[in-house]
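Structure first, then comments.
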Amino acid sequence: MKKYIAIPGTNRAGSTNRRLLQFIKHHFADKAEIELMEIGGLPVFYKTPDHSLPAGVDEMVAKIDAADGVIISTPEYDHGVPAVLMNALSWLSYGVHPFADKPVMITGASYGMLGTSRAQAMLRQMLDSPELSARIMPSSEYMVGHSLQAFDDEGNLKEENLVDRLDGLFADFETFVDVNKNLVYNREHAMNDIRKLDMKNENK
Amino acid sequence: MKLVGIVGSIAEDSYNRKLMMYIANRFNNLADIEVLSIKDVPMFSEDDDQTNSMAVQYLKHRIEAADGVIMATPEHNHTTTAALKSTIEWLSYKIHPLQDKPVLVIGASYFTQGSSRAQLDLREILEAPGVNALVMPGNEFLLGNVRDAFDENDNLKDGGTVKRLGDLLAQFTKWVTVLKALKGPEAPDAWKSEDLTASGKTDTTIEGVEMEDPKWVDKAAEKTQAASGKDYVKLDSGVLTVDQINWFLKSIPAELTFVDDNNQFIYYNHKNPDTKMWAKRRPDQTGNPMSAVHPDVRNVHDHVKQVIHNLRTGKMDLFQLAEPVDKKNVKWVVNNYQAMHDEDGNFRGVNEIVLDFWPIVKKYLEMTGQKLVDDPNNKVDANASASVKDDQGSAPAAPAADTGASASVSEDSAPAPEPAPSVDTGASASTKDEETPAPATPSPAPVVNTPTDTGASASVDADDAPMPEVDTNASVSVND
């Protein structure tokens with residue numbers, strides 16, 4: 001059974017993105033071990049002169065390192081990824097690179113009907129940057145619109161279509177994780193790029 | 001033109017800050033650019049609303065007071081920074097200072113890409129419904145390979161880049177001007193946004209003491225560890241002890257009241273009990289918001305709002321209001337509301353000067369051997385007068401010269417009417433504005449009417465005065 005880390009891209013207690021990940025965790029409990037990981041509470045990112053990381057980051061790095069893949073569910077604030085998620089990704093790519101070559105699946109939930117399409121596009125672009133170099137599952141946009149009405153009292157997704165699509169995407173993701181293990185060149189390549197970047201930053 | 005610069009990096013040695021500082025210094029002929037820091041802005045969180053924190057409020061006020069914003073963004077992970085995104089999230093949650101504000105996006109980066117993706121994302125973010133900024137289209141400015149771009153004095157080395165930046169800034173100031181013209185005149189009820197309850201904050205607001213606490217002065221002094229008694233205070237052209245400042249202010253033959261730019265009453269020169277004052281004040285009132293100082297009877301609060309709004313937005317520097325003259329040539333008490341500004345020309349509050357002009361007039365007559373006689377042609381009631389800055393472009397003349405009673409103190413300082421009306425009718429007159437070409441901006445409908453004959457000074461009671469707009473003809477007692 002594979003292990004995944006699920007990250008709600010929010011620091012809001014009542015977030016429907018967290019609810020979606022909780023549903024995913026329970027819904028696929030017999031297929032994978034999914035652990036939710038919070039990313040709020042970190043200080044606003046800045047380049048610490050000594051490259052030190054704030055408390056909590058090391059633990060996050062270890063969890064992602066140990067996982068077979070990551071599922072990120074992002075809200076959309078002001079047409080983009082929430083600052084709190086951008087912030088966590090900044091720390092998680094500052095001298096440490098747990099996302100390098102890590103398979104990532106992106107989901108998103110929003111109150112309105114647009115369902116985080118722009119935030120997801122921005123998140124893909126971010127995860128594709130050299131410092132993160134994640135392996136994002138292609139062609140797999142998953143959005144839950146009108147998310148306040150989307151769940152029943154037990155936290156289950158009400159709409160059957162949405163559940164079916166999730167089942168399909170999750171099965172693909174498991175395959176994607178396996179396939180990714182065989183993409184040797186890309187992994188080496190990404191790590192080389194990252195090493196070069198880190199060196200450049202050191203020399204600054 | 002006043003602009004603020006916001007740098008997306010909070011790193012100590014940021015090349016984007018260096019670029020912004022360079023722009024502010026090199027192009028101060030085009031605009032007055034104040035560089036703001038977002039270092040103290042907390043991470044955005046809906047569950048922990050810090051809209052009212054000092055850092056957020058400071059940005060809000062600075063942005064609101066500016067004609068436009070320049071944002072310089074680095075690129076982190078193919079996008080703009082979390083610090084800048086967090087700031088914009090605060091500025092689009094409960095408050096919306098960037099709404100309709102012209103914004104120029106620029107960026108610098110270590111590599112050849114020069115923040116192109118970050119800039120695109122930032123543009124999209126700024127155009128989100130809650131933000132609604134007016135980002136200048138086109139005109140992308142990317143500074144790549146920044147490590148080699150500056151010389152040892154932090155000047156840009158490449159002449160071509162400097163020229164391009166200069167052109168860009170000129171273009172942006174034009175864009176700001178055009179947008180202002182598009183927006184048209186200020187809404188006639190803009191004064192209603194004046195918050196007499198002082199619920200906001202300014203950078204001098206003393207937090208943690210209830211504004212209406214009768215012991216506000218003592219508690220605020222303790223909170224700030226204020227200098228007192230024999231402590232020396234360095235002023236811009238002198239050094240005095242606090243005692244000396246008190247003696248000095250009390251010896252001025254006028255009642256002085258300090259209301260800060262957040263509409264909080266924070267000082268008066270207490271030399272007499274309230275019963276012996278023209279504008280009655282008690283020490284236990286100090287610290288009160290304006291709404292508590294003036295009772296909300298009749299339309300008093302509306303009038304106070306109008307006056308403050310006109311002073312804050314630079315429509316006037318001084319508003320004068322005479323007490324009714326029941327007996328001629330005995331006393332002539334005038335309330336003068338003088339706008340205060342800091343070194344950068346930002347509105348910092350109102351100095352209310354209540355003064356009996358009669359002894360001055362009397363002395364003048366004595367010393368020059370003259371006497372007052374009635375002018376048979378004059379229709380002036382002489383109760384109220386106000387001066388409106390000439391740069392409104394709409395008021396052709398200062399108060400008519402034949403109305404001796406309406407001598408306005410600020411006339412001296414107001415610039416002579418110019419052939420081309422200044423573009424910026426809202427902000428206080430700035431010589432920098434005059435350097436931008438004056439487009440054919442329709443002059444806004446004057447909210448403040450300077451009567452050419454100043455004859456219509458209305459009744460003292462506000463009750464009857466129709467008051468949808470500030471009509472400086474009508475005199476109303478804004479004192480309690």
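Each value in this text was obtained by applying a stated rule to the coordinates, not by laboratory testing. Keep in mind that this is a model prediction, so the values were computed, not measured. Here Cβ is always computed from backbone atoms with ideal geometry, including for glycine, and neighbour counts include all displayed protein chains.
By how many nm would the segment from B:N272 to B:D154 grow when fully extended, if each residue of separation counts as 0.36 nm and the alpha-carbon distance is taken off?
That pair, B:N272 and B:D154, stretches by 36.9 nm at full extension.
Just to confirm a number: summing +1 for Lys and Arg and -1 for Asp and Glu over residues other than B:L134 whose beta-carbon lies under 13 angstrom from that of B:L134, what do you get? Walk me through the numbers before you get to the answer.
Details: positive: B:K101, B:R123, B:K180, B:K183; negative: B:D67, B:D100, B:E127.
Within the 13 Å Cβ shell, the charges total +1.
Calculate the spin-label point distance for B:V361 paired with B:K39, positioning each point 7 Å from the Cα along the beta-carbon direction, and give it in nanometres.
5.5 nm
Mind listing which chymotrypsin sites (Phe, Trp or Tyr not before Pro) in segment A:80-184 are in a DSSP loop and have 16 or fewer other Cβ atoms within 10 Å? Present the calculation step by step, with values, prior to reporting the outcome.
Working: sites: A:W91, A:Y94, A:F99, A:Y111, A:Y142, A:F151, A:F170, A:F173, A:F176; in loops: A:Y94, A:F99, A:Y111.
Of the chymotrypsin sites (Phe, Trp or Tyr not before Pro), the ones in loops of segment A:80-184 whose Cβ has at most 16 other Cβ atoms within 10 Å are A:Y111.
Calculate how large, on average over all directions, the projected area of the Cα convex hull of segment B:10-94 is; give the answer in nm² to one decimal. All intermediate terms of the calculation are to be shown ahead of the outcome.
Numbers: hull surface 24.9 nm².
Hull-based average projected area comes out at 6.2 nm².
Identify the GluC sites (Glu not before Pro) of segment A:109-180 meeting these criteria: DSSP loop state and at most 10 other C-beta atoms within 10 Å of the C-beta.
A:E154
Once Rh is set to the Kirkwood radius over Cα pairs, what Stokes-Einstein translational diffusion coefficient, in µm²/s, holds for chain A at a temperature of 10 °C and a viscosity of 1.306 mPa s?
Rounded, D is 91 µm²/s.
Rounded to whole Å and sorted largest first, what semi-axes of the equivalent ellipsoid does the C-alpha gyration tensor of segment B:232-385 yield via the square root of 5 times each eigenvalue?
Computed over segment B:232-385, the values are 28, 22, 17 Å.
Under a point spin-label approximation (7 Å from Cα along Cα-to-Cβ), what is the A:E38-B:L249 distance to one decimal in nm?
4.8 nm
If you build a Gaussian network model of chain A, linking Cα atoms that sit under 10 Å apart, which residue out of A:A88, A:A13, A:A66 swings the most?
Among A:A88, A:A13, A:A66, the largest mean-square fluctuation in the Gaussian network model of chain A belongs to A:A13.
Which of A:L36, A:L162, A:L183 ends up with the largest GNM mean-square fluctuation for chain A, with Cα atoms connected below 10 Å?
A:L183
So what's the back-of-envelope 222 nm ellipticity for chain A, counting only DSSP H runs of four-plus at -39500 (n - 2.57) apiece and dividing by all residues, rounded to 500?
For chain A, the value works out to -13500 deg cm²/dmol.
Which value results when the Cα radius of gyration for segment A:1-108 is divided by 2.2 N^0.38 Å?
Rg over 2.2 N^0.38 Å, computed on Cα atoms: 1.06.
Sticking with the crude label model, points 7 Å out along Cα→Cβ, report the distance from B:K234 to B:N52 in nm, one decimal please.
3.5 nm
Looking at segment B:214-317, which trypsin sites (Lys or Arg not before Pro) are DSSP coil and have at most 11 other C-beta atoms within 10 Å of their C-beta? Each step should come with its number before you reach the end.
Working: sites: B:K215, B:K219, B:K223, B:K230, B:K234, B:K250, B:K271, B:K276, B:K280, B:R281, B:R298, B:K305, B:R312, B:K315; in loops: B:K215, B:K230, B:K271, B:K280, B:R281, B:R298, B:K315.
Those that pass, being in a loop and sparsely packed, are B:K230.
Between beta-carbons, use under 12 Å as the cut-off and find the net charge around B:R17, counting Lys and Arg +1, Asp and Glu -1.
On the way: positive: B:K18, B:K39; negative: B:E12, B:D13, B:D154.
So the environment of B:R17 carries a net charge of -1.
Structure shown: which of A:K2/A:K181; A:K2/A:K63; B:K230/B:K280; B:K39/B:K60; B:K94/B:K183; B:K2/B:K192 lie over 18 Å apart, alpha-carbon to alpha-carbon?
Long pairs (Cα-Cα over 18 Å): B:K230/B:K280; B:K94/B:K183; B:K2/B:K192.
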